[in-house]
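Data block below; observations after.
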Amino acid sequence: MNKPLSILSAAILAMSLSASAQALTTGDMAFTSFNADDDTWALVTFVEITANTDIYFSDNEWLGSAFADSNEHALKWNTGAAAIAAGTVITFTEIDAATDIINASIGTLALNNGTNLGLSKSDETFYAFLGSSGVAPTTFLTAITTENNSAPANITNAGLTLGVNAIALVNDADFGEYTGTRSGEAAFANYAPMVNDAANWNDVASGEFTGNILNNTAFSVAAPIPEADTYAFMALGMGLVSLLARRRSSRKHAD
């Protein structure tokens, strides 16, 4: 094996992996569905999620430095043994008062703390966040609320912004789902303002939605056009490969 070529290949692979595997931050995910009748919801990730990442959910209102009370609950989602690709939609099920029917379409979902299970259509703000235990958030990723009257406080207390990285449904919404486009954008991040815009949702105030199947269609992007620095890196790599090949050829002739 040619050692310089091997080192170059390893360096290129390492750079590629480091570019795709980044720590989650605010706005990297967004809710795409909410069903208070079935206690189900769905989220899309706009970035690749590394394997075995722990993400928490809670319907306990955040006051800015602590959750409002101990009556609500938190769930812990471990994303599983494999990385989750950007654009993937994950669905979650949490049947009210039944801890044995808690499930995620990818990874595992489990009760972390609290006893008041399930989602309510009224006065509900539901957060997705990072944290050490589910009771001490370090980074709020996104949120969805059915408290349209008081939503700004619940959202801004968590450092989130409606329409940017959080979504407000109509008051007392039983069901809501994003109905906008899921393909054609140049970057996954371009979908964030669309998904967090209530105008792009089927937003129902009241009704019976038990048994509704949530839309888990993945988001996709158009084939990316390499940026100038990418071309420069490719040219550098090709130049190094050519140089190494010439050196090998020279050595053979010398021998």
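Among the residues of the stretch 188-213, how many are loosely packed, with under 12 Cβ neighbours inside 10 Å, without any contact (Cβ under 8 Å) to a residue 60 or more places away in the chain and not small (Gly, Ala, Ser)? Number of matching residues: 2. Considering 42, 86, the condition of being among the hydrophobic types (A, V, I, L, M, F, W, C), under 12 Å from the mean Cα position of the chain (by Cα), in a strand (DSSP E or B) and closer than 27 Å to residue 221 by Cβ is satisfied by 42 alone.
In the stretch 128-187, the residue that is farthest from residue 68 (Cα to Cα) out of those that are among the hydroxyl-bearing types (Ser, Thr, Tyr), open to solvent by 30 Å² or more (accessible area, probe 1.4 Å) and in a loop (DSSP other than H, G, I, E, B) is 183.
Here is a check on your reading of the model: is residue 214 modelled with pLDDT of 75 or more and out of contact with any helix residue (DSSP H, G or I) (no Cβ under 9 Å at 6 or more places or on another chain)? Spelling it out, residue 214 is indeed modelled with pLDDT of 75 or more and out of contact with any helix residue (DSSP H, G or I) (no Cβ under 9 Å at 6 or more places or on another chain). Look at residue 59 and say whether it is without any contact (Cβ under 8 Å) to a residue 60 or more places away in the chain, within 24 Å of residue 171 (Cβ to Cβ) and charged (D, E, K, R). No: the conditions fail for residue 59. Taking the listed residues 40, 26, the one that is modelled with pLDDT of 95 or more and among the β-branched types (Val, Ile, Thr) is 26, with no other qualifying.
For the stretch 68-97, residues that are under 18 Å from residue 139 (Cβ atoms) and modelled with pLDDT under 90 total 1. Only a single item in (1) closer than 11 Å to residue 40 by Cα; (2) of a type outside the set (S, T, N, Q); (3) at pLDDT 80 or above is not met by residue 107, and it is number (1).
The values are calculated or read from the model by the stated rules, or taken from the named source; none is laboratory data. The shown structure was predicted, so the numbers you read here are calculated from the model rather than taken from an experiment. Note: ideal-geometry Cβ built from the backbone for every residue, glycine included; neighbour counts use all protein chains shown. The accessibility values were calculated without ligands, DNA or RNA, using every heavy atom of the protein model including side chains. Shrake-Rupley method; radii C 1.70, N 1.55, O 1.52, S 1.80 Å.
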